[in-house]
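S.K.: Next up is a structure, given as structure tokens.
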Amino acid sequence: MEFNLNQPHDLIFRATLSDQHRADAILRAHLEPWLGALLADELPVPLDGTFVDEELRASQSDKLLQVTLRGGQPAFVYALLEHKSYSDPGTALQLWKYKARIWEAYARGEADRLRALPAIVPLVFYHGRQPWTAPRSIAAMVSGQDERLQALEPTFGYFLRDLGHIPVERLAADPAARAGLLVLRYSHRGEEAGDEKLAALPEILAALPDESDFERQVVVYLMSVWNVRRLTLSAAAEAAKPGRGEAMVGHVVQELLDEGKTAGLTEGLTTGRADSLTQLLEHRFGQLPEAVQRLIASASQAELATWFTAALDATSLVAVFEGHALD
């Protein structure tokens, strides 16, 4: 199987929602109760493709699910994962573009379909460290205007689910679905959540279907994004699945070797450290200039470690990146 080490959040989010039973459990847990009551008992159908703009793929992941309403009509749930460590003020506008593309793909220019478009429910999952402060609708983005002009714009944008502030037991009733969201929940949290993350490992690993692609994908994510050492991961896997813990982790490492992806795993570890540094800097100094983002993106693991240490006590970005131009 292929491991997407360059876009690990995308891989886990899409893999979690690509299984009908996991997708159903997540929708039942995160849709508003009145919306859940409208759904028929049929399982959602995950559809292929992505609607996210190419330049945003590094910070957004999506999955389109077709559902059936109790009256028999089709509808869609468009699940979007925002995996920046801060809220994006353009999310409502981006979602309306994505919804237009979904309707266009559905209608195919046919008049009958254009007159009876299915509802699209936008469901945004967020796992950043900072509180979500972005506008929830396009109307909220239009400021300084006559209220009648604002009323012309869409007043509903999306439902938001902040994974970091939802109790673990409420992430999903299905253990595997909960595990997929749980690894995302902790992915942007650093050393301050170290004990919580280690405590969660056995639950996550125990929930994964044995010898499945999903099991292997989550193990790679834990190694590359959570930065869990192999011995620690093997011990947690053995506690979760006695008799096959080391084999579970060892098989993944061997597959990476067979695919020539060990360099990619190193790149994944670097990506995890870059994320941690970015989170720390944004927490201390706010949104980062493009020059700083470029420095972090092209840095080695050694540079990232040096900058992370400097960022703990530095009073400015200049002090962190001493000797580098930041404009």
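The values are calculated or read from the model by the stated rules, or taken from the named source; none is laboratory data. Note that the coordinates shown come from a computational prediction; the quantities given were computed from them, not determined experimentally. Please note: Cβ atoms are built from the backbone with ideal geometry, for glycine as well, and neighbour counts cover all protein chains shown. Accessible surface is based on the protein model in full, side chains and every heavy atom, while ligands, DNA and RNA are left aside. Shrake-Rupley method; radii C 1.70, N 1.55, O 1.52, S 1.80 Å.
S.K.: I'm trying to understand the selection: among the residues of the stretch 278-299, which are outside any helix (DSSP H, G or I) and under 19 Å from A58 (Cα atoms)?
M.R.: Q287, L288, P289, S298, A299
S.K.: Could you pull out every one of the strands (runs of 3 or more DSSP E) wholly within the stretch 26-143 that has 1 or more residues that are in contact with an Asp or Glu (Cβ under 6 Å, 6 or more places away or on another chain) and farther than 30 Å from E282 by Cα?
M.R.: 60-68
S.K.: Additional query: Have a look at A239, A235 and point out the one that is hydrophobic (A, V, I, L, M, F, W, C), open to solvent by 70 Å² or more (accessible area, probe 1.4 Å), part of a helix (DSSP H, G or I) and at pLDDT 80 or above. If you could, list the steps in order and put the result at the bottom.
M.R.: Numbers: A235 fails: open to solvent by 70 Å² or more (accessible area, probe 1.4 Å).
None of the other options fit; the residue is A239.
S.K.: For the stretch 277-327, give me the residue count where each residue is touching a residue at least 40 places away in the same chain (Cβ under 8 Å) and more than 21 Å from R189 (Cα to Cα).
M.R.: Residues meeting the conditions: 0.
S.K.: Taking the stretch 89-99 as the region of interest, how many residues are closer than 23 Å to L38 by Cβ and either open to solvent by 10 Å² or more (accessible area, probe 1.4 Å) or hydroxyl-bearing (S, T, Y) (or both)?
M.R.: Residues in the stretch 89-99 being closer than 23 Å to L38 by Cβ and either open to solvent by 10 Å² or more (accessible area, probe 1.4 Å) or hydroxyl-bearing (S, T, Y) (or both): 3 in total.
S.K.: For the stretch 160-183, check the following and say yes or no: at least one residue is assigned to a helix (DSSP H, G or I), surrounded by fewer than 18 Cβ atoms within 10 Å (Cβ to Cβ) and β-branched (V, I, T).
M.R.: For the stretch 160-183, residues assigned to a helix (DSSP H, G or I), surrounded by fewer than 18 Cβ atoms within 10 Å (Cβ to Cβ) and β-branched (V, I, T): present.
S.K.: Then there is this: Looking at L257, L326, L265, L317 in this structure, which one is more than 24 Å from the chain's Cα centre (by Cα) and modelled with pLDDT under 70? Reasoning before the result, please.
M.R.: Working: L326 fails: modelled with pLDDT under 70; L265 fails: more than 24 Å from the chain's Cα centre (by Cα); L317 fails: modelled with pLDDT under 70.
Step by step, each of L257, L326, L265, L317 is checked, and only L257 is more than 24 Å from the chain's Cα centre (by Cα) and modelled with pLDDT under 70.
S.K.: Just one of (1) among the small types (G, A, S); (2) surrounded by fewer than 16 Cβ atoms within 10 Å (Cβ to Cβ); (3) touching a residue at least 40 places away in the same chain (Cβ under 8 Å) trips up G71, so point out which.
M.R.: All conditions are met except number (3).
S.K.: In this structure, does A58 turn out to be out of contact with any Phe, Trp or Tyr (no Cβ under 9 Å at 6 or more places or on another chain) and open to solvent by less than 20 Å² (accessible area, probe 1.4 Å)?
M.R.: Working: out of contact with any Phe, Trp or Tyr (no Cβ under 9 Å at 6 or more places or on another chain): yes; open to solvent by less than 20 Å² (accessible area, probe 1.4 Å): no.
Answer is no for this residue.
S.K.: Still on this structure, I have one more. Go through (1) small (G, A, S); (2) closer than 29 Å to R101 by Cβ; (3) in contact (Cβ under 8 Å) with a residue 24 or more places away in the chain and name the single condition S143 misses.
M.R.: The failed condition is (3).
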